[in-house]
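Everything below concerns the one structure shown next.
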Amino acid sequence: MAPFRSHPFEALSDGDKLKEECGIFGVVGVADASNFVALGLHALQHRGQEAGGIVCYDPDHGFNSARRFGYVRDNFTKADVMDTLPGSLAIGHVRYSTAGSKGATAIRDVQPFFGEFSMGGCAIAHNGNLTNAAALRRELIERGSIFQSSSDSECIIHLMARSIQKNLSERIKDALRRVEGAFSVVAMTRTKLIGVRDPLGVRPLVLGRVGDTGWALSSETCGLDIIGAEFVREIEPGEMVVIEGNKVESTRPFTPAKPRFCIFENVYFSRPDSIIGGRSVYETRRQIGVELAREAPVDADLVCPVPDSGTPAAIGFSQESGIPYAMGIIRNQYMGRTFIEPTDHIRNMGVRLKLNVNRALIKGKRVILVDDSVVRGTTSRKIKDMILEAGAAEVHFRIASPPTAWPCFYGVDTPERSKLLAATMSEDEMRDWIGVDSLKFISLDGLYRAAGEAQGRDPSNPRFCDACFSGDYPVAPSDKIEEGFEMKAAE
């Protein structure tokens, strides 16, 4: 049974979607930098809706911070908050918890984290997940560290405190050399904005130019767009950039590795108007639909997306198949927070609070529904029921990702493996359990082709991290293995 929530409009069905951990953003060299950061975080809100925070520095006021639960628009648009965040240097973070006190976040868990060192203060915002955080935390506590949060990211601050390096940039390098897993980091000192990606480049980070004097770091290019910044380039896997004044210094502090960018960023996490690897996310998703139509054609009357994440793939499927595209499901655009106390009847409405079927369009039609993924399968069943109740003659699901059969340990909120539908059922069994006329997923090779790899996936040297589909983990999740997680046997 789904966990009880305090109100009925907090996406009751979203337990059946994978969620990104967070978005990070930083700006230096502009007046009122915190306002720019708030705008950037607003553009990155899809990466985390649980909470947000901003840390800034001003020579007259020192470091200041604000952390709040809820949406950026509800907190960081208020003058009484933003007036407390002066200065030309600031970083921020939006959170969806995947580690620590997931589902019961305390304000102390909200990033950015701040530490005061002998050479000055430093704040850090982290996107990703550290797979050796439990072991590091035990070691640090045994050596006297006192943790203030349940977040794996706080380990970075404590590792910095134990470094013997003489400046904060070098201490960040020292700390990040000790951690395993996935990390894109935006950090700040009194004078510097710093960006780092792990050697595999699992999570995104981009650099932008703000006017003539400023620079910005963002999880995605859509964060640069909202502040009118010029996209300069991606921070490369294993790269660290230190921005001070008008100078951007780049170093490579880690042992080189073959990049494994998260392929699910292309499928679902990133906004469709962002650019990844020089390629439009929207175009990749549209091409996924094209590949799906080639791999799994079906006779039908309409191609309908499951809003909104299935929309580009549905457009591609329609264009390739020649079957008309239609908005058979309408999303309620005003799903926000409310103070209504839910009754059992309201809670049981599930996806109906979010989605409604366009009955006049659907009745009597053979419908292809295109969605981004199937995780637990519960939402797919509810949507199928809604479509049939509206009078559809047939319901066919086409899924814009391969079956999600393995949990992610690199910064994505994934159920344990036993709760992933594809880990316990074949494709035919999933079709029967969901109760649709047909169910087909894009192949892993098809997904790679859609993402620009014409020959598909090279098993000996895959370009992306696709562990959630393949079980091929580029970094062994040591904490989870210690807890009993069994890796996929080598083929």
Grab the other residues whose beta carbon is less than 13 angstrom from that of VAL210, score K and R as +1, D and E as -1, and report the net.
-3
Given pairs LYS384/LYS480; LYS78/LYS173; LYS166/LYS480; LYS258/LYS488 and cut-off 24 Å on Cα-Cα distance, the over-length ones are LYS384/LYS480; LYS78/LYS173; LYS166/LYS480
Cα-based shape type of the range 106-182, given that a ≥ b ≥ c are square roots of the gyration tensor eigenvalues and the cut on a/c is 1.5:
rounded
At R0 = 41 Å, FRET efficiency that the Cβ-Cβ distance of ARG352 and ARG279 yields, to 0.05
0.70
Tally the DSSP beta bridges in the chain and give the antiparallel ones as a percent, rounded to 5.
80 percent
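Please state the relative contact order of the chain as a whole percent: Cα pairs under 8 Å, 6+ residues apart? Present the calculation step by step, with values, prior to reporting the outcome.
On the way: 1145 pairs, mean separation 72.1, N = 491.
Relative contact order, the chain: 15 percent.
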Which entries in LYS365/LYS440; LYS363/LYS419; LYS354/LYS419; LYS419/LYS440 show an alpha-carbon gap greater than 29 Å?
LYS363/LYS419
Spin-label point model (7 Å from Cα, Cβ direction): what's the GLU236 to LYS419 distance in nm?
4.0 nm
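Using DSSP H assignments, which helices in the chain have an axial alpha-carbon span of 20 Å or above and a mean Kyte-Doolittle hydropathy of -1.0 or higher? Write down the numbers at each step before the final one.
Details: long enough: 281-295 (21 Å, -0.76).
Membrane-span-like by this rule: 281-295.
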Relative pair counts by distance (%), Cα atoms of the chain, 10 Å bins
4, 20, 30, 26, 15, 5, 1, 0
Percent accessible area from carbon and sulfur atoms, the range 211-335, protein chains only, probe 1.4 Å
51 percent
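With each run of n ≥ 4 DSSP H residues scored as -39500 (n - 2.57), what mean residue ellipticity at 222 nm is computed for the chain after dividing by its residue count and rounding to the nearest 500 deg cm²/dmol? Mind dumping the intermediate values first?
On the way: 17 runs with 130 residues, N = 491.
Result for the chain: -7000 deg cm²/dmol, rounded to the nearest 500.
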How big is the Cα convex hull of the range 46-186 in projection, averaged over all directions, in nm²?
8.7 nm²
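Between beta-carbons, use under 12 Å as the cut-off and find the net charge around ASP32, counting Lys and Arg +1, Asp and Glu -1.
Values: positive: none; negative: ASP58, ASP83.
Neighbourhood net charge equals -2.
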Modelled label-to-label distance, ALA360 and GLU429, 7 Å Cα→beta-carbon offset: nm?
4.4 nm
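The values are calculated or read from the model by the stated rules, or taken from the named source; none is laboratory data. Keep in mind that what you see is a predicted model, and the values were worked out from it rather than measured. FYI the Cβ positions are ideal-geometry reconstructions off the backbone, even for glycines, and counts take in every protein chain you see. In case anyone asks, the SASA skips ligands and DNA or RNA and just uses the protein heavy atoms, side chains included. Shrake-Rupley method; radii C 1.70, N 1.55, O 1.52, S 1.80 Å.
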